[in-house]
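Let me begin by presenting the structure, written as structure tokens, before commenting on it.
The values are calculated or read from the model by the stated rules, or taken from the named source; none is laboratory data. Since the model is a prediction, treat every value here as computed from it, not as a measurement. For neighbour counting, all protein chains shown are included, and Cβ atoms are generated from backbone atoms with ideal geometry for every residue, glycine included. When the accessible area is computed, the model is the full protein with side chains, heavy atoms only, and any ligands, DNA or RNA have been set aside. Shrake-Rupley method; radii C 1.70, N 1.55, O 1.52, S 1.80 Å.
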Amino acid sequence: MVSEIIVDVGLNEKRVALLEDKELVEIFIERSDSERLVGNIYRGKVSSVLPGMQAAFIDIGYEKNAFLYVRDAVPQKEDFNEDEDDVYNEMKSYNIDEILRPGQEITVQVTKEPISTKGPRVTTHITLPGRQLVLLPNADYIGISRRIEDEDERFKLKKIAEKIKPENMGLIVRTVSEGKREEDFKNDINFLVKLWKKIKQKDHSGPVPRCIHKDVNVVYRTIRDIFTWNIDKFVINDRQEYNKVLEWVEMVSPALKLRVEYFSKNIDLFEHYQVDAMISKALAKKIWLKCGGYLIIEKTEALTVIDVNTGKYVGVNNLEDTVLRTNKEAAKEITKQLRLRDIGGIIIIDFIDMNESEHRAQIMNVLEDALKKDRTKTTVVDMTRLGLIEMTRKNVREGFASVVLQQCPYCDGKGKILSSESVARNIEKEIKKYFTQTIACAIEVEVHPSVAKVLLGKNDDNLSRIERTFNKRIIIKASDDVKHGEMSIKEVDPDNLLT
């Protein structure tokens, strides 16, 4: 598989696309007028404590107060393998009002972007990610990435981490560290310890609330978190940023410098790699599968629903084989769409009904295997008695669609607009109101062509009925410049009208 990172640096935004075999699998967009909060560290002040919710609101200087849950306010410990029920029972032993009080100053880090009407979510469990390691300044344990599955390798890395771990601090060994030796971690650990010392120096001096550490922008996060030996090429179209990227790569992984390319052609970078066309497909509600089936993805306030349909695919042997093949292909495509659209929260998948339990188990296995490529934590809960698969995916920020799309001002977020017939009926009411408020004998009504067609009717018979009703002359003018659902009425001189 060929993997490429394509970085488009524009005047007001930076876009990073991850391609696998020329297919878009992840897209990140960062604009200069909407700064990213996740990873930033703030010295904040407790605005209010809510014992009934076991949470507190923290003023970090953002327009909305940040939300701090009790679990994120108590001392940090290793919980990679903890049972959720055990965690819940343990949290019941803490009372948020015994930990925090209004007006108290506190250092927190943003873990979740503000979404819709909700403010950002924060934690006191500070993490400072490096290339190979993550430093946990307020913890004292060692964690190894779950993606490193070889037990011998995990044991080796844990021994190295124990040796280099700063006193009274914790470390998490990242996936990219697999196969590394002790000397490979020295630069990382030295940089992170120095960074934490600088943050601590800012901690107790200055106004509150204030930001005391900002995470790097999307280009350098990509280098730190994604640009590994699995990536064959890193292409960027800005000369100044290209030089900075080379400096960063020199620090974190010098051998990868040869894979960084400057795109100097006088054409659009995303157009050259056909990324824009793939972005348009990623915004579609219906996604076609190669076999002829298709997915429907519907996002609601509470959850995302994905429906699988056979579509044009009629199979070869029998119904069960047709359904199984469609569902298998759908499972793989769904995992791609989750990554690409960055869908988080609760996800319900309605696969085509399968009668055989063996086939249902196969689909679960295909889904779980495909999700291993996803860097965002995803949990497949189970298949319900109705055959629906329940999943949860960590929700860190608003999905990709929320970044590039805005709510339709004409349909009020419903995704649908009034039919031409309904609009025509409303216009008839407006015509009646106009005639009751004026002494006009003739008017011109300008509307969208689809509405004009309804108002005129066949052979203008509908218009004749409207004119008889009001005993006035009415001119219907179709115009593409008028939006569907809108209209304009003006009085005209009846003597100037053609008879």
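Listing for the model above:
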{"item": "Distance (nanometres) between label positions extended 7 Å along Cα→Cβ at GLN406 and THR469", "result": "3.6"}
{"item": "Option label - Cα extents along the principal axes in Å computed here, alternatives (i) 67, 64, 39; (ii) 97, 68, 56; (iii) 73, 66, 38", "result": "(ii)"}
{"item": "For the range 343-362 versus the range 149-209, the gap between their alpha-carbon centres in whole angstrom", "result": "40"}
{"item": "Full-extension gain in nm, ASP493 to VAL396, via 0.36 nm per residue minus C-alpha separation", "result": "28.8 nm"}
{"item": "Length gained when the stretch ASN217-ALA478 is fully extended (0.36 nm per residue, less Cα-Cα span)", "result": "89.0 nm"}
{"item": "Rounded accessible area per residue of the chain, 1.4 Å, Å²", "result": "57"}
{"item": "Selection of chymotrypsin sites (Phe, Trp or Tyr not before Pro), the range 190-239, meeting DSSP coil and at most 13 other Cβ within 10 Å", "result": "TRP229"}
{"item": "Angle in degrees between helix 319-341 and the longest Cα principal axis of the chain, rounded to the nearest 10", "result": "80"}
{"item": "Inter-label distance, nm, simple model (7 Å from Cα along the C-beta direction), ASP461/ILE346", "result": "5.2"}
{"item": "Dipole magnitude of the range 257-304, debye to nearest 20 (Cβ charges: Lys/Arg +1, Asp/Glu -1, about Cα centre)", "result": "220"}
{"item": "Within the range 1-32: backbone nitrogen closer than 19 Å to the SER264 label point (7 Å, Cα to C-beta)", "result": "7-9"}
{"item": "The chain - mean residue ellipticity at 222 nm from DSSP helices (-39,500 (n - 2.57) per run, n ≥ 4, rounded to 500)", "result": "-9500 deg cm²/dmol"}
